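Worksheet: the structure to be examined is printed underneath.
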Amino acid sequence: MSENNATSEQANIQFALQRIYVKDISFEAPNSPAIFQQQFKPRVKLDVDNDHQQISEGLYEVSVRVTAHVYNGEEETTAFLAEVQQAGLFAISGLSDAQLDHTLGAFCPNVLFPYARECIDNLVGRGTFPALMLSPVNFDAIYAQRQQGDQPADA
């Protein structure tokens, strides 16, 4: 009987990606063209963040923000700053609160990140800088870390 209930609950779970879109995008090369005359030794500062909000019953917007601030060498000279906020609309229903929170905080950002990475790579290429090969981001680990941060400390 419990197997039938579990199967029935799984059958009621709905997950559909409705749309993927760029919500915000920016590229700056404030020291061009002088930066092109220097030997390029990139030093990358990468920031990745994600957020979500409920749009309507069963519809959620999830966004991933990737900011790549690239300096040339040991100096604080900015080669370029590329930022993208990649978003998606996800129709999700039939999940428990904990499952929904994990889906919005880890699974959906994992779906969106490759699109954000491609946007950053495209921007960098259009700026005529060498490709910026961003490694995959483990949003499951970020989610777990945030969950631990939300736990009250033991007295």
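Points to keep in mind about this one:
- Scanning the range 8-50 for residues that are among the charged types (D, E, K, R) and more than 22 Å from residue 118 (Cβ to Cβ) gives 9, 41, 43.
- A Cβ distance below 8 Å, combined with a sequence gap of six or more or placement on separate chains, defines the contacts here; from the range 91-102, residues that are part of a strand (DSSP E or B) and among the β-branched types (Val, Ile, Thr) reach residues that are crowded, with 16+ Cβ neighbours inside 10 Å and modelled with pLDDT of 95 or more in the pairs 92/60; 92/100; 92/103; 92/104.
- Residue count, the range 52-94 (criterion: among the small types (Gly, Ala, Ser) and closer than 22 Å to residue 119 by Cβ): 6
- Restricting attention to the range 33-75, the residues that are at pLDDT 95 or above, among the small types (Gly, Ala, Ser) and not in a strand (DSSP E or B) total 1.
The values are calculated or read from the model by the stated rules, or taken from the named source; none is laboratory data. Worth saying up front: this structure is predicted, and the values here are computed from it rather than measured. Virtual Cβ from ideal backbone geometry, glycine too; neighbours counted across all protein chains shown.
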